[in-house]
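Working notes, structure below.
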Amino acid sequence: MLAQQLLNGVVVGSVYGLFALGFTLLFGVNHIMNMAHGAVFMWGAFAGLFAATMLDLPFIAALAIGALAGGLLSVLLDWVAFRPLRKRKAPEFSAIVSSIGANLILLSLAQQMTATRVMRFPFDTFPIRIYEVFGLRVQLLQLVIIGIVILMVVGLVWYLQRTSAGRQIRTVAYSESTSRLLGINPFSVNFQVFFLSGALAGVAGVLIGLVFNSVHFMMGEPLLLRAFVVIILGGLGSIPGALVAGLLIGIVQVLTVSYLSAGLADVVVFSLLFLVLLARPTGLFGSVHGGAARVARQ
Amino acid sequence: MSSLAGYEPLFELALLNMVLAFSQYIPLRAGVFSLGSAAFAAVGAYAAAILATRYGVPPVVCVVIAVVAGGIFGALAAVPLARLRGVFQALATLALVQIVLSTALNWTALTDGALGINSIPKAVHLTEAAIAVVFVGYVLHVIGLSAIGRGFDIIREDETVAVSLGYSVRKHHMIAFVLSGAIAGLGGAMHAFSSYSITPNEFGFHMVVMLLAMVVLGGRVSVFGPVVGAIILTGLPELLRGFQDYRSVVQGALLMASITFLPSGVVDTTRGWLRRRALTRGQAGADAAEVTS
Amino acid sequence: MSMLALQGVGRDFGGLPAVDSLNMSAERGRITGLIGPNGAGKTTVVNMIAGLLKLSRGQVLLDGEDVSTREAQELSRMGIARTFQNIRLVRDASVRDNVLAGFHLHEKTSTLANLLGLPSAFRERRALLARTDELLDRFGMTAMADWPAGSLSYGHQRRIEMMRALATEPRLLLLDEPVAGMNDAEAYKLAAIFREVADDGVAILLIEHNMRFVRRLCDHVCVLASGRLIAEGDAESVINDPRVIESYLGS
């Protein structure tokens with residue numbers, strides 16, 4: 001029983017990690033807390049669902065369309081919500097406010113479009129196959145999800161570490177003024193970072209839509225709230241931190257639901273955030289931005 | 001007059017929103033990125049509603065207790081939160097909202113869960129709401145002029161300068177949290193006594209966004225900022241009756257537009273402009289006098 | 001005992017020393033100049049003294065007391081005040097309000113009195129406003145009192161920073177390029193004020209590029225190059241020191 005729950009926790013947690021990865025990437029590179037990231041996730045799920053139902057495309061194509069839609073929407077968000085503020089060198093809080101506004105718009109449009117209905121993927125999108133491994137019931141979908149998450153994380157790390165585009169992104173994250181001296185085009189870096197971040201959210205959207213077999217306009221909010229906990233726990237801007245903390249939160253949540261009560265899950269998860277902020281504001285893995293910055297000798 | 005009477009509920013709502021917007025205004029003025037007013041309002045509203053419906057406590061006493069409860073809750077929250085800055089503070093206060101919301105939903109013995117608390121006596125009308133707004137507005141105006149207001153302003157603008165002049169950032173952030181909690185406690189309690197019933201979901205993300213929008217749009221230095229913001233955002237849905245479905249779209253767009261094009265808000269921008277104009281005129285007058293004499 | 005003494009002070013950035021083995025002092029009643037080419041580490045020194053940067057090595061003594069690890073707020077309470085090289089004012093607030101903010105350490109009414117708007121809080125406000133107006137008058141800025149600080153020239157903004165720092169009534173005043181962007185006439189007017197302040201017993205540490213100004217005003221000059229003290233003494237001898245000339249030409 002415990003092992004079964006742990007497995008479920010790992011599956012949900014790895015998708016949380018994927019979602020939080022894009023969120024933390026944006027913060028690490030651009031110092032932006034994108035409050036509309038949950039809406040990007042939701043629209044990614046919508047796009048995947050659209051591909052599977054209207055276009056009758058297979059699972060992998062739906063996933064790709066979800067990623068593309070999430071990526072493009074995220075780039076659009078940058079242009080409309082963040083770029084004007086960056087130009088003005090507005091404080092970080094402005095970006096929070098602006099993206100809360102964008103979130104409201106994206107959510108409300110989705111609500112109108114779907115008439116607040118809960119939608120589902122067609123039965124044949126993904127074959128239901130269950131294996132017995134050491135007495136555990138393992139669904140094929142769960143294995144595939146873990147595989148996809150691993151693949152995407154490895155791909156992202158490879159992109160950031162091994163390609164010249166990735167090096168440019170890391171330079172901007174390290175120091176924006178240095179990157180300008182080196183002649184790095186901030187336009188192209190921003191485009192890539194927002195696209196990657198949105199694509200990760202889009203994939204996570206399709207996967208969560210499949211796991212819980214439900215796609216609806218409010219699906220992004222709980223994920224965004226959990227992502228806050230994940231990135232604080234893992235350290236803002238830290239990629240391994242986002243993954244480990246994502247897994248941890250997934251497991252804690254599943255265990256709370258099955259052993260305590262479903263209602264308590266949120267209280268436990270968010271109290272965890274509070275405790276971490278109290279004890280170690282820079283997160284378990286340290287933050288690239290010094291955590292809860294205060295005026296102190298540096 | 002009879003046509004105006006139809007708008008009484010709307011005026012009452014606008015006034016109650018002003019009280020809640022004041023609670024969001026204080027932390028933003030002090031440079032605290034708190035989004036926690038909804039949590040404090042929930043504490044006040046539930047404290048008042050439970051005392052009134054289960055124990056028959058008179059509304060005035062309920063409201064006073066709600067203010068104290070909100071203030072204490074703000075003080076407790078401030079212990080960890082005043083150590084944080086920027087986005088960390090914003091996220092932690094959002095988590096606080098979520099914790100309070102989940103507690104209200106799940107502690108059914110106390111709160112009746114998702115059903116909320118019903119048949120709360122209607123004790124707050126237009127007059128009571130107006131008195132609350134004038135009272136809180138006046139108190140905040142006085143505080144704004146005082147040494148504490150000066151501390152808020154300089155900490156918001158430049159924390160490094162503030163500490164180099166001896167200001168304690170932690171103390172001022174604590175004060176902002178306590179005031180925010182107490183005012184939200186008042187606003188929450190008055191909301192409960194005005195609307196017959198309360199449910200947990202009223203104090204969720206939607207309220208966070210609405211209060212934030214009011215202060216960002218109105219302005220966060222002058223006390224009139226939240227007042228104007230509350231008027232605009234309460235009145236807007238009425239103007240957009242035909243577009244009921246797209247109200248949130250308009251609200252979101254307004255939030256984005258105001259932070260992008262009017263970052264200081266309607267009131268503070270206007271005040272700055274008026275002051276500059278008066279000074280330039282005074283200057284021109286003085287120059288002219290110099291020439292003629 | 002010196003008001004300020006630095007003993008073997010060093011600070012590394014990314015493994016490289018920006019300031020190293022620095023010994024220097026500032027005496028009460030005197031104006032000590034700290035000069036050196038760009039990038040010599042002058043502002044780093046000021047930020048270490050004012051509590052914004054950690055020391056990698058050495059000690060800072062204020063009136064004999066080791067204050068190397070105190071935070072900026074404590075140091076300000078202990079009597080250190082400063083101006084910033086890159087002017088830092090509340091740009092939208094009036095000149096008067098900016099200066100008034102400097103009197104924080106002399107506010108005596110309780111937080112509660114301020115929250116409740118008791119008469120004592122208003123009395124104190126009036127008293128501090130009167131002292132603010134005295135400062136404005138001393139710096140010749142009474143006519144600009146109501147203007148937003150950000151709308152004035154650099155020279156005026158620097159004066160606001162100085163008034164704000166003086167409002168704290170410091171024992172040690174750190175001035176980071178106070179007359180940058182001013183003409184000689186304006187600078188000498190300020191020099192007279194600095195001299196008065198020093199004569200009241202305050203120790204002043206002045207970072208400045210304008211050599212004529214340094215020569216005219218400073219009682220003692222320290223020269224920093226690449227983070228090290230390369231010469232010190234009275235202005236005349238230091239400025240003619242071949243090592244100093246070389247360090248400026250070499251940069």
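The values are calculated or read from the model by the stated rules, or taken from the named source; none is laboratory data. Worth saying up front: this structure is predicted, and the values here are computed from it rather than measured. In this analysis, Cβ positions are derived from the backbone assuming ideal geometry, glycine residues included, and neighbour counts consider all displayed protein chains. We work out accessible area using only protein heavy atoms, side chains counted, and drop any ligands, DNA or RNA first. Shrake-Rupley method; radii C 1.70, N 1.55, O 1.52, S 1.80 Å.
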To the nearest 0.05, the calculated FRET efficiency linking A:L6 and A:R129 through their beta-carbon distance, R0 being 25 Å, is 0.75
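With the contact rule set at Cα under 8 Å and sequence spacing of 6 or more, what percent relative contact order holds for chain A? Mind showing how you got there, number by number?
Numbers: 473 pairs, mean separation 106.5, N = 298.
Computed over chain A, the figure is 36 percent.
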Per Stokes-Einstein, at 20 °C and 1.002 mPa s, what whole-number D in µm² s⁻¹ belongs to the stretch A:2-218, with the Kirkwood radius over Cα pairs as the hydrodynamic radius? 118 µm²/s
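Kindly point out which whole DSSP H helices in chain B project their C-alpha atoms 24 angstrom or further along the helix axis while averaging a Kyte-Doolittle hydropathy of -0.5 or above. List each step's numbers first, then the result.
On the way: long enough: B:8-29 (31 Å, 0.85); B:37-55 (26 Å, 1.18); B:59-81 (32 Å, 2.43); B:86-106 (30 Å, 1.57); B:126-145 (28 Å, 2.00); B:169-195 (38 Å, 0.79); B:265-292 (41 Å, -0.45).
Span-like helices here: B:8-29, B:37-55, B:59-81, B:86-106, B:126-145, B:169-195, B:265-292.
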Share, in percent, of DSSP beta bridges within chain C that are antiparallel, nearest 5: 55 percent
Compute the separation of the alpha-carbon centres of the stretch B:88-135 and the stretch B:41-63 and state it in Å as a whole number. 11 Å
Assign unit charges at the C-beta atoms only (+1 for Lys and Arg, -1 for Asp and Glu), then state the dipole size of chain C relative to its Cα centre in Debye, rounded to the nearest 20. 420 debye
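How big is the A/B interface in buried accessible area, both sides summed, 1.4 Å probe, to the nearest 100 Å²? Mind dumping the intermediate values first?
Working: alone 14890 and 14820 Å², together 25720 Å².
It comes to approximately 4000 Å² buried between A and B.
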Quick one: helix A:164-174 against the long Cα principal axis of chain A, what's the angle to the nearest 10°, folded into 0 to 90? 70 degrees
Using 7 Å Cα-to-Cβ label points, what is the A:Q298/C:R57 separation (nm, one decimal)? 2.4 nm
Can you give me the long-range amide H partners of C:L34? Hydrogens built in the peptide plane at 1.01 Å from N, cutoff under 5 Å, separation of 5 or more residues or another chain. C:L206, C:I207, C:E208, C:C222
Towards the positive end of the charge dipole of the protein assembly as shown, with charges on Cβ (+1 Lys, Arg; -1 Asp, Glu), say which of A:W79, A:Q4, C:T32 has the farthest Cα. A:Q4
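Once you keep just the Cα pairs under 8 angstrom separated by 6 or more residues, what percentage relative contact order results for chain B?
It rounds to 31 percent for chain B.
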In degrees between 0 and 90, to the nearest 10, how far off the longest principal axis of chain A does helix A:264-279 point, with axes built from Cα atoms? 30 degrees
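Send over a whole-number figure in Å² for the accessible area per residue of chain A, probe 1.4 Å. Each step should come with its number before you reach the end.
Numbers: 12540 Å² over 298 residues.
Ligands and nucleic acids excluded, the result is 42 Å² per residue.
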Testing the spin-label approximation: label points 7 Å from Cα along Cα→Cβ at B:S119 and C:M1. State their distance in nm. 7.5 nm
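Antiparallel DSSP bridges in the protein assembly as shown: what percent, to the nearest 5?
Working: 26 of 42 bridges.
Percent antiparallel among DSSP bridges in the protein assembly as shown is about 60.
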How big is the charge dipole of the stretch A:2-218 about its Cα centre, in debye rounded to the nearest 20, if each Lys and Arg gets +1 on its Cβ and each Asp and Glu gets -1 on its Cβ? 540 debye
Degrees, to the nearest 10: A:37-53 long Cα axis against longest axis of chain A: 40 degrees
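Would you mind giving the total buried accessible surface between chains C and B, with a 1.4 Å probe and ligands, DNA and RNA left out, rounded to the nearest 100 Å²?
Buried surface at the C/B interface: approximately 2700 Å².
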Using a loss threshold of 10 Å², tell me which positions in the stretch A:218-253 are less accessible in the complex than in their chain alone. Probe radius 1.4 Å, ligands and nucleic acids ignored. A:E221, A:L225, A:F228, A:I232, A:L236
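Using Cα pairs under 8 angstrom and six or more residues apart, how large is the relative contact order of the stretch A:9-113, in percent?
It rounds to 31 percent for the stretch A:9-113.
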Got a number for carbon plus sulfur as a percent of the protein assembly as shown's accessible area, 1.4 Å probe? 63 percent
Check: the protein assembly as shown dipole with +1 on Lys, Arg Cβ and -1 on Asp, Glu Cβ, in debye: 580 debye
When the charge dipole of chain A is computed with +1 at the Cβ of Lys and Arg and -1 at the Cβ of Asp and Glu, the Cα pointing farthest to the positive end, of A:G147, A:Q112, A:G198, is that of A:G198
At B:S168 and B:L145, where each label point lies 7 Å from the Cα along Cα→Cβ, what is the point-to-point distance in nanometres? 2.6 nm
Averaged per residue, what accessible area in Å² does the stretch B:2-204 show with a 1.4 Å probe, protein chains only? 33 Å²
Positive end of the dipole of chain B, charges at C-beta (+1 Lys, Arg; -1 Asp, Glu), about the Cα centre: which of B:F22, B:V250, B:Y46 has its Cα farthest in that direction? B:F22
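Send over a whole-number figure in Å² for the accessible area per residue of the stretch C:92-163, probe 1.4 Å.
Numbers: 3200 Å² over 72 residues.
Spelled out: the 1.4 Å probe surface of the stretch C:92-163, per residue, equals 44 Å².
List every DSSP H helix in chain C whose Cα atoms extend 24 Å or more along the helix's own long axis and whose mean Kyte-Doolittle hydropathy is at least -1.0. Can you show the working numbers first?
Numbers: long enough: C:119-138 (29 Å, -0.81).
Counting only whole DSSP H runs, the qualifying helices are C:119-138.
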